[in-house]
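Worksheet for the structure shown next.
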Amino acid sequence: MKRTLLTGNGAAAWGARLAAVDYIPAFPITPQTEIIETLADWIDTGEISGRLVTMESEHSMVTAAGSAAATGVRVFSATSSQGLLYAMEMLYTVSGWRAPFVLANVSRGLSAPITLEPDHNDILAARDSGFLQIHCASCQEVLDSTLMAYRLAEDERIRLPVIVNLDGFYLSFTREPVQIPDADAARQFVGSFDAENIRFRASAPESQAVAVLGGGPYSYFRYETHLAAINGAAVYDEIAEEFSRCFGRKHDAVEAYRADDADYLFVMMGSFASKAREAVDRLREDGWAIGLLRPRLLRPLPVVHLQKLLAKRKAVAVIDQNISMGMGGILHSELASVLYGRNDAPTVLASFIGGLGGRDISTEEFFEMAQSIRQAVETGQTPAPRLLYTQTELREVRKLQAIAQVERQQLGAIDD
Amino acid sequence: MYRIRFHGRGGQGMKTASRILGTAFFLEGYEVQDAPRYGAERRGAPIFAYVRADRAPINERGIIRHPDLVIVADDSLVPVPAAGVLAGITDHSLMLINSAEKEQVWKQRLNHSGTILTLPVAADVTERAELPYVGAACAGAAARLIGVISEAALEQAIKDELSDLGADIVNKNLHNAVAAYQAMASHAGLVKEGSLVSAVDYEAPDWIDLPFDDARISAPTIHAAATSVLVKTGLWRTQRPVIDFDHCKGCWWICSSYCPDGAINVVDAKPVIDYDHCKGCMVCVAQCPSHAIEAIPEKQAKADEDATQLEIGEIT
């Protein structure tokens, strides 16, 4: 086992390498490109076998990934943001084929306006696609989760593709110390892919995921996919346990940081959650009973774990790095549904939206959110959903708008 | 925790500098986080890279708000607001500027009460084209200013980070980095670890409720032509392509077709480079079949230009 500095992208590539993947359909997009460049380089130098094919789009890439998985080979691919959305039609299709493979998504906010920096609206657009989702908060987790994802995808109780999500920039281009497991130990943990009845062959045409006419059979297949995804929660726990035994690192479905005795909790996903850990440490020094919950597994949603971990808390601040237009934070909605009707549910479940397009969340803002939910407990009033946004930021936007207005006038696009 | 920020232009090796320093810290037993930050990647545009190092695992992420050490590889960036060189600088922050100008000049100019040092190896680097090697020098100087990184760890880090580029490049970088490391000997350990934010006494964010603006204001639209003409992307150039019309065969279409920015126009069947918008990618230099386009360091080209202007001025 070697400890070295790796970017999140490098860690994803190492995950694919250690899982001994056979086939990598690829299409580049910022900030994912380094993943496929690294794998291509290793194939070039003969460090790994397997085949990498650059496709003409992400739509074709996911089609190729699903088709290859349906022949029984082990497949890895990676994309981000607009690429994931371009492939959206095929995400639903290949999961319906029950073709297991692993797709790394490097989160990046969606257009328009366009950005390169991260938020989770890309990955959450794939929430209902039938892909399982693991969200990472460190480069180590990216590597480990990729290995675990193959076990999850290929498990006979699941047989679904899995997305491993890492945040652009904050993980993709950030180097951190990462333990690279020994190749043999990793191979033994992941095992070989037993495709069983998946035997799609070009030379022997047969139907994969046939057309069905009528809602009866259609509902059957769709609901079976749902049940398989639901199985993922228990299977994930088994895999995490085994991973911990093999490598000494425990990646729970929901990370609970200093949460045991906490009256107050932050709940958030992805790499920004480590900022919340920092805030928890500082608040604890000031005597706060506060902690963090971080769902790593989003699909299936680890409902039982969440219910248990959220029970009997005074107040919870859910910080969503995403926004469902016309509703608000997606994780907030999901947690509300997880808690509805439970006697031990926290009375305050406050919603905050922050980190859109990589907008930083300062430690002071975490302190302020903690104050806000404590005040809510005192007053009995849950605060209205809040976008983390400052007067200074709005002033900057107003400045840009004023410049744009003047330019448009000078260019004669609008009347003076 | 140590928080260090490197500022430079794309192509000057700031990402490499952050990696060299990150690896050197790691070799000394520190937990490390290093990362570059940029928009759409491009040569010559302002970028920064940062390093965090601590004895304990690091939970902080993203941009460094209050750096302990800021290294500026290219002093032309200091007055560029978008480069953010001065962002979050406090009395505690040490600034190291790669500049031919004196420390006292920078101290006055920036009205900075903390320490400002200049990087003396800058004298060796007369041409911007040589600036890529400045990355290693910046990392070397930073390592000594921080004071917890040995020369051996610095050298090993350079070898680890650059070995793919061949022995010549490694040696040149080693030479520059070690020279900078030694030049900073009298300031060794001057950089002190910054403190953590306190939950007791902190400045509350000036949060607002974002107001509704109707779509005439809030839609991100540009409906006027050619606004990008107003952006002088020529400022990003570190090298300037110059056409030698003695050798130009006047085919005109090769350089102008290959120019990714449409910055080569054809006037009277001759190519003319629009220096307001040429970013200095040098694709034209590589493509010209008669090798009639030369790459000249921007600083030199500007000096030549000024000299010519002066001559004209004297005549008239």
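Structural remarks
- Computed [θ] at 222 nm, deg cm²/dmol, chain B (DSSP H ≥ 4; -39,500 (n - 2.57); rounded to nearest 500): -9000 deg cm²/dmol
- Along principal axes, Cα extents of chain B, largest first, whole Å: 69, 60, 44
- Extension gain, residue A:333 to residue A:289, is 13.4 nm, computed as 0.36 nm per intervening residue step minus the present C-alpha separation.
- Dipole magnitude (debye, nearest 20) for chain B, charges at Cβ of Lys, Arg, Asp, Glu: 280 debye
- Estimated Rh, the range A:47-96: Kirkwood, alpha-carbon pairs, angstrom: 11.4 Å
- For chain A, the longest principal axis of the alpha carbon atoms and the long axis of helix A:58-70 meet at an angle near 50°.
- Calculated SAXS-style log₁₀ I(q)/I(0) at q = 0.06, 0.09, 0.13 Å⁻¹ - chain A, Debye, Cα scatterers: -0.26, -0.57, -1.11
- Leading residue at positive end of dipole, chain B (Cβ point charges), from B:202, B:153, B:301: B:153
- Taking 27 Å as the straight-line reach from the Cα of residue A:314, the lysines in range (excluding those fewer than 8 positions away in the same chain) are A:275.
- Simple spin-label estimate for residue B:201 and residue A:342 gives 4.1 nm between the two label positions (7 Å along the Cα-to-Cβ direction from each Cα).
- Placing a label point 7 Å from the Cα of residue A:185 along the Cα-to-Cβ direction, the residues of the range A:1-19 whose backbone N falls under 19 Å of that point are A:1-6, A:11-19.
- Mean per-residue shielding of peptide A:265-277 is 2, counting Cβ atoms of other chains within 10 Å of each Cβ.
- GNM result for chain A, Cα springs below 10 Å: residue of A:372, A:337, A:351 fluctuating most strongly: A:337
- Max mean-square fluctuation residue, GNM over chain A, Cα-Cα springs under 10 Å, options A:217, A:346, A:385: A:217
- Top of A:14, A:97, A:42 by mean-square fluctuation, Gaussian network on chain A, Cα under 10 Å: A:42
- Calculated FRET value between residue A:57 and residue B:185, using beta carbons and R₀ = 56 Å, to 0.05: 0.50
- Cβ-isolated cysteines (cut-off 4.7 Å), chain B: B:138, B:248, B:251, B:259, B:278, B:281, B:288
- Sequence-distant residues sharing a close amide H with residue B:94 (under 5 Å, placed H): B:69, B:70
- For residue A:2, the lysines whose Cα falls under 24 Å of its own Cα, not counting residues fewer than eight places away in the same chain, are A:250, B:15, B:159.
- Available extension along the chain between residue B:168 and residue B:43 is 42.7 nm, counting 0.36 nm per residue and deducting the alpha carbon span.
- For chain A, the dipole from Cβ point charges (+1 on Lys and Arg, -1 on Asp and Glu) about the Cα centre works out to 580 debye, to the nearest 20.
- Value of Rg to Rh for the range A:232-274, rounded to two decimals, is 1.03; Kirkwood radius and Rg both from alpha-carbon coordinates.
- The range A:1-105: C-alpha pair distances exceeding 21 Å, %: 30 percent
- Only Cα sites of the range A:194-295 enter the Debye sum here, all with the same form factor; the resulting log10 I(q)/I(0) across q = 0.10, 0.16, 0.20, 0.21 1/Å is -0.55, -0.88, -1.06, -1.10, listed in q order.
- Across B:249/B:270; B:279/B:299; B:172/B:192; B:232/B:299, pairs whose alpha-carbon gap is larger than 19 Å: B:172/B:192
- Here, the protein assembly as shown has an Rg and a Dmax of 27.7, 92 Å when only alpha carbons are counted.
- Stokes-Einstein D (µm²/s) once Rh is taken as the Kirkwood radius of the range B:1-128 over alpha-carbon pairs, at 10 °C in 1.306 mPa s: 106 µm²/s
- From phi via Karplus (6.51, -1.76, 1.60), per-residue ³J(HN,Hα) for the range A:166-174 in Hz, x at Gly/Pro: 9, 6, x, 6, 4, 10, 4, 9, 9
- For the range A:90-186, the square roots a ≥ b ≥ c of the C-alpha gyration tensor eigenvalues yield an a/c of 1.5 or more together with a/b not exceeding b/c, which makes the shape oblate.
- The H on the amide N of residue A:301, modeled in the peptide plane, is under 5 Å from the matching H of no residue at least 5 residues off or on a different chain.
- Two-site FRET efficiency, residue A:406 against residue A:196, from Cβ-Cβ distance with R₀ of 51 Å, rounded to 0.05: 0.15
- Positive-end residue of A:236, A:65, A:35, charge dipole of the protein assembly as shown with Cβ unit charges: A:236
- Our summary gives chain A a relative contact order of 15 percent, counting only alpha carbon pairs under 8 angstrom and 6 or more residues apart.
- Toward the positive end of the charge dipole of chain A, with +1 on the Cβ of Lys and Arg and -1 on the Cβ of Asp and Glu, the farthest Cα among A:183, A:21, A:215 is that of A:215.
- Summing Cβ point charges (Lys, Arg +1; Asp, Glu -1) relative to the Cα centre of the range A:262-416 gives a dipole of roughly 640 debye.
- Working from Cα pairs under 8 Å separated by at least six residues, relative contact order for chain B is 16 percent.
Read the figures in this text as sums done on the coordinates, not as results from a lab. Everything numeric in this text was worked out from a predicted model, so none of it was measured. Cβ atoms come from the backbone with ideal geometry, glycine included; neighbour counts cover every protein chain shown.
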